[in-house]
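Some notes on the structure that comes next.
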Amino acid sequence: MTAQELQKAVLRHLELSLGKDLAHATVYDIRMSLTLAVRDQVIAPWFESTRKTYAAQSKRVYYLSMEFLIGRLLEDAVNNLGLKQTAQEALDALGFDLTQVIADEPDAALGNGGLGRLAACFLDSMSTIGCPGMGYGIRYEHGLFRQSFHDGVQIEEPEDWLRQPHGWEFARPEAVERIGFGGTVEAHDGRMRWSPADAVLAKAHDTPIIGWQGQWANTLRLWGAEPIQAFDLEAFNRGDFVGAAEQEAFARTISRVLYPDDTNGEGKELRLKQEYFFTAASLRDILRRFLSEHDDLELLPQKVAIQLNDTHPAIAGPELIRILHDEHGLEFDHAMALARNTLSFTNHTLLPEALERWPQALMARVLPRHLQIIARIEEAFLAAQPESPVRILEDGDVRMGELSFIMAHRVNGVSALHTGLVKSTVFAQLHRTFPDRIVNQTNGVTPRRWVLGANPRLSALITDRIGPGWVDDLEQLGALEPHVEDAGFMADYAASKAGNKADLAAWIADTTGIAVDPAAMFDVQIKRIHEYKRQHLNILETIALWQDMRANPRAGWVPRVKIFGGKAAPGYVRAKEIIRLINDVARVINADPVTGDLLKVVYPANYNVSMAEKLIPASDLSEQISTAGKEASGTGNMKFALNGALTIGTLDGANVEIREHVGAENFFLFGMTAEEVVARREDPQHQAKAIAASPRLAGALKGIADGTFSDGDGARYAALLADLRGHDYFTICADFDSYWNCQRQVDAAFADPARWMRMAALNTARSGWFSSDRTIRGYMADVWDITPLI
Ligand code: GPU
């Protein structure tokens, strides 16, 4: 497509789809017109992919996920179709700037963090590889809340991404499923029949996901809940206007808002309804497609793979059995075997609070037939393994982890360390019973968004030296390695980082009013705020550093900008205290003329995918400092390494594998191992001993207790301090000195720019393994048994 053709297509959509002429067009109008023009280019490959899948009678994979943290779609689509230059020219001719137009798209924030972003990277990789499949989720009207800070305190406001029409999706009013809740179960002619008391409609909305170079496109199908009847006319005629709208309110509530909890399985009835709603709608859709091609349910596991993204869609096991057994009349055990051979399950955390449990009483009320089926699954399991101590039903709860494990033929962890821990801790008993079931699939990230899209400077440099093949074959980055000996390459590499940092410094000044020195080290921690991720370890080190700098300002300090980004779950009190502390510390340090440009702390509000795309390419240092054993994998860590930031990190999650790939000498390791953490906690005085041994740590804690950062209010952080001094489950104190010392090694390395840039370039050259293309190929081979169709 030429720039002129694209320009014509944009103008046609501007007139015919938007009803505007160029003289009155806003950035929004142009963005929508360009979106529609680009979407037009996706249709042919999309249809062609479907045709090929049917023609090959191929097995398909269905990725069921409560979250898809997509971000913006326009830039991805433009890049994948090779239209960047063309679009730039077409818009220039119309008097608009492509970058500005791209930035006008609201982020689709249908997810909390890593789990949802992983699902989005997987969709991109499946379309790039030609893996036939679909993503299934919920079309939340309101995605993750918008964060602002008032006096440093997190405020949440509803997010409203659908206020403007969603240019990418196709509503499918004909693709609706009726989803029931509650009611009764009765036997009829030897079969159990569930008669739900309430029902809603699930309506499909499809977004095409185009892969690299437009060779393949899959579908993301999101379900919106709607009432069966628009309203109750009889009640309305009686004058009961509120009652008349009751059904509609009940229905729409189900897909109204994303639960803003990350790694927290809190058992709320609406959440259970959301889980069943999208899982049941997806299964019906899957079975209808399957039965349109095949007439034998025996073939299900050969033609269909269903991946459960954590336990959120775990009701798929009982629901599939219900369909096969109650509706199609298969024997229970037979139905269970078919379901198991079709389903597989990914575990994303070992945190006990995240392992979903549903009260049996609640499930009996909302899904009475499913509770009966779960009891029979447990019976069948115990009949086969009479010795096993494992139970699905325990303490009045349904344990969704055990249910998912028993109903899946493969269970996977998301990094090598995490998979080992899955085997030795949460699922140790089940692993003994089924030693081949657990496999590892280390996470990955899509290079299209996280290098090509987010870092055009680095991308151009890479392509200049090794050609364009790296974009869908990321291990080709290895070919950069000899270039680190080339002074010309290293100068260009350093210049690309400097350019990104200058852009970020300008953006920081714009959004926060803080002036930062682009030559300072950009030290970045961006992720959900959680005690196990230890943003408070980072801020304690920041305080200690500031105190040392003040005591001796001319000691040759390496200037730093500490950058934080991330949201806390609205009900997570301690995480919100940490946010306030970071903002309090930032206010005091940034106003200190003694430290001046030596130290700045920046915390832009409302971190999201688009902000990550700005921050990561401009980072020097990547903070991956979780308590070892707690971060299942991490995926931000991979994005930083690819973009040439060095990691300071613990031996946790995928950090372990990143360090192996980039080389121990190019990674700043500190802290206790997972085993050492567990052992250290045995000593109830571990935190007191660490504080007593570290005047620096004691000084930083005292600074907080003094009210130095809280206008003299010593009580503001009393609870946080009492926890650190009294219990410190996340071993902040025990790891503090190791972290501090490691940070000073970071300083020394940064003070030698040639050495630092070489380490950074080696991180880029050696991180190609962390592409989500590699991860998806692993799932296809080890879990789904699917071969690519391109
Ligand atoms: N993760 Br469980 C989430 O983002 N949300 C969740 O509810 C659960 C896990 C994350 C892990 O914390 C992170 O370590 C991992 O990289 C990511 O899932 C993807 O596997």
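Only the coordinates and a few stated rules stand behind these numbers; no lab work does. These numbers come from a predicted model, not from an experiment. In this analysis, Cβ positions are derived from the backbone assuming ideal geometry, glycine residues included, and neighbour counts consider all displayed protein chains.
Quick look at the values:
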read-out	value
At R0 = 22 Å, FRET efficiency that the Cβ-Cβ distance of V185 and R288 yields, to 0.05	0.35
Residues W46, W223 arranged by fewest to most Cβ contacts within 10 Å	W46, W223
Loop trypsin sites (Lys or Arg not before Pro), region 539-586 (other Cβ atoms within 10 Å of the site Cβ: 15 or fewer; DSSP)	R554
Hits among lysines - C-alpha to C-alpha of K702 under 17 Å, sequence gap 8 or more where chains match	K689
Within the chain, helix-based [θ] at 222 nm, where runs of 4 or more DSSP H residues each add -39,500 (n - 2.57), nearest 500	-14000 deg cm²/dmol
Acute angle (nearest 10 degrees) that the helix 84-94 long axis makes with the longest principal axis of the chain, alpha-carbon atoms	90 degrees
The chain - percent relative contact order, Cα under 8 Å, separation 6 or more	13 percent
Cut-off under 5 Å, modelled amide H: who pairs with E394 long-range	R399
With Cα atoms, 0 to 90° folded angle of helix 732-750 axis to the chain main axis	60 degrees
Fewest-first sequence of R528, R376 by Cβ atoms within 10 Å of each Cβ	R376, R528
Selected from P386, H536, V101, residue furthest toward positive end of dipole (the chain; charges at beta carbon)	H536
Region 432-472 and region 598-671: distance between their alpha carbon centers, rounded to Å	16 Å
Full-stretch length increase - Q57, E682 - with 0.36 nm per residue and alpha-carbon distance subtracted	219.3 nm
Simple label model, 7 Å out from Cα along Cβ direction - L233 to E246, nm	2.0 nm
Alpha carbon centroid spacing (whole Å) that separates region 709-760 from region 171-204	54 Å
Cα centre as origin, Lys/Arg/Asp/Glu Cβ charges: the chain dipole, Debye	480 debye
Proximal lysines relative to K20, as straight alpha-carbon distance under 18 Å, when same-chain residues fewer than 8 apart are discounted	K8
Helix 573-590 vs. the chain, principal-axis angle (Cα, 0 to 90°, nearest 10)	30 degrees
Given 10 as the ceiling on other Cβ atoms within 10 Å, longest exposed-site-free region of the chain for GluC sites (Glu not before Pro) in DSSP loops	1-330
About the Cα centre, charge dipole magnitude for region 668-790 (Lys/Arg +1, Asp/Glu -1 at Cβ), debye	380 debye
For L283, net neighbour charge (Lys/Arg +1, Asp/Glu -1) across residues whose Cβ lies under 15 Å away	+4
Members of K497/K567; K501/K614; K501/K600 lying beyond 18 Å, as alpha-carbon distances in this model show	K497/K567
Partner aspartates and glutamates for K303 [C-alpha distance under 19 Å; skip if fewer than 8 residues away on the same chain]	D285, E293, D295, E319, D782, D785
Sequence-separation-based contact order of region 39-136, relative, with Cα cut under 8 Å and 6+ spacing, percent	47 percent
Order of L621, L350, L110 - criterion: other Cβ atoms within 10 Å of each residue's Cβ, fewest first	L350, L621, L110
